[in-house]
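Readers should treat all values here as calculations from the given coordinates under stated rules, not as data from a laboratory. Small disclaimer: the values here were computed from a predicted structure and weren't measured. As a convention, Cβ positions derive from the backbone with ideal geometry for all residues, glycine included, and neighbour counts pool all protein chains shown.
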Amino acid sequence: MSGYPSSEHALFEPNKIMDNNNNSMSHMRSDSLESCSIAAAAPPLKPHTGGDVRWDAINSAAQRDSPLGLSNFRLLKRLGYGDIGSVYLVELRATDTYFAMKVMDKGSLASRNKLLRAQTEREILSLLDHPFLPTLYSYFETEKFYCLVMEFCSGGNLHTLRQKQPNKHFSEDAARFYASEVLLALEYLHMLGIVYRDLKPENVLVRDEGHIMLSDFDLSLRCSVSPTLVKSSSVHAGGSSSSSNSLSILDEDHAVQGCMMQPSLTFFPRILPSKKNRKSKSDFGLFVGGALPELMAEPTNVRSMSFVGTHEYLAPEIIRGEGHGSAVDWWTFGIFLYELLHGTTPFKGAGNRATLFNVVGQPLRFPDSPQVSVTARDLIRGLLVKEPHKRIAYKRGATEIKQHPFFEGVNWALIRSAHPPHVPEPVDFGQFAAVGGGCKDAGPGAVPGGGGATTGHSDKKMAEIASDKNKSCSSSTSSDPSYVDFEYF
């Protein structure tokens, strides 16, 4: 079907590595997930989603039937599944509004020591308010399941979209578009003290209008960050060869004081004082040689020993077991850009072991074809430096990458106004209702206020749908024309 991936390549993720030893973070919070539901009557402040009809629908449903639960949603299609859960296309009853619902089995998570990963993802999603990151519309749990209600992206993922391109790689303009939006998402995450650790085309989804949304946060690392305002002698720091000598901390009167970011807080930087006490720009001395100040919010002090990620995207410091920090995201960003431009990753070997050996021991090489620009190669070289402290963006973060010549001409402030390289065909949701994909309506007993609706009934229905997983794994999707493969993890 148009707009969806045509294979299960991304669903199984055989190369994804997870370290289930969560002891290093267990002191931060309990492994248990307490029952809770996002109160739609008083939704969290998320300014960028203002006017979102999905919020209106959630709020309206919550006012009629609070708290929301499984009985409020009609299950239409299993979209995909990953290591800690399955995702279903659902309709919020009586609203004609559609969502993606991630369902995680409590017993399975507990038996595999993955409760903390599920909690980490939920907590991160609840913090996010960014145009290129997911919105968590509701969270609730039943006796057997944890459920996350998020935006449904009809355009599939960049891995599938890349395979549909001529020669299975994007043009440089298209790669620049997708990389710039991913870069802004990573910048925001780092500002919140979140190291993503799982960037790859399979985790970059395409929205209805063609812009991207980063997904899958169960491998992410949360930490503290101390944002600092710095001044630069030049607007363009010269790409990967930029020197830290051009940077200096603003004097105490003009600097935004660093604040230790706690995991539950959201950072809203304030450069200028309130209008009541505002001085002219010249009084602040913020402009040095015509350059704007830069906000550095890179969590450079974080350290993790976990061995997590996908083989072809793992940074050398993770493989060597040296401990890693936020610089791993800039390594994966380099691999990501390389794959968009060349259709393959740079260190891929005959097997996983060979791939890991290449990442650590082999130099970066560019193929003769396809040809890419000198600036693209320069940026990739700067990102794929094997020593993290020498890697571009190690200290200055996304600011340094945005100033690289590869992104010259990108209007960062108006990036959402740029025309995407690919806009998915509109989805006819009626087809899901008609076919049902094996997920029939739960019936009038599950309708809010319809009588007979119980959590046990909903649990039974979800278990019935989840049991379809083994059948789908062992049979070709082509045998079931109504089946939709969609990577959301």
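Table for the structure above
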| read-out | value |
| --- | --- |
| Residues His404, His419, His389, sorted so that the one with the fewest Cβ neighbours within 10 Å comes first | His419, His389, His404 |
| Burial order of peptide ranges 62-73, 330-341, 85-96 (average beta-carbon count within 10 Å, highest first) | 330-341, 85-96, 62-73 |
| Efficiency of FRET between Arg416 and Asp96 - r from beta-carbon atoms, R0 35 angstrom, step 0.05 | 0.85 |
| Theoretical gain in end-to-end length, Lys168 to Phe357 [0.36 nm per residue, Cα-Cα removed] | 65.5 nm |
| HN-Hα J in Hz across region 166-171 - Karplus 6.51, -1.76, 1.60, θ = phi - 60°, x for Gly and Pro | x, 6, 6, 8, 7, 5 |
| Vicinal HN-Hα couplings computed from phi for region 114-128 (Karplus, 6.51 cos²θ - 1.76 cosθ + 1.60; Hz; Gly/Pro x) | 10, 4, 5, 5, 5, 5, 4, 4, 4, 5, 5, 4, 5, 7, 6 |
| Gly323 long-range amide H proximity, modeled H, under 5 Å | none |
| Theoretical gain in end-to-end length, Thr344 to Asp428 [0.36 nm per residue, Cα-Cα removed] | 27.0 nm |
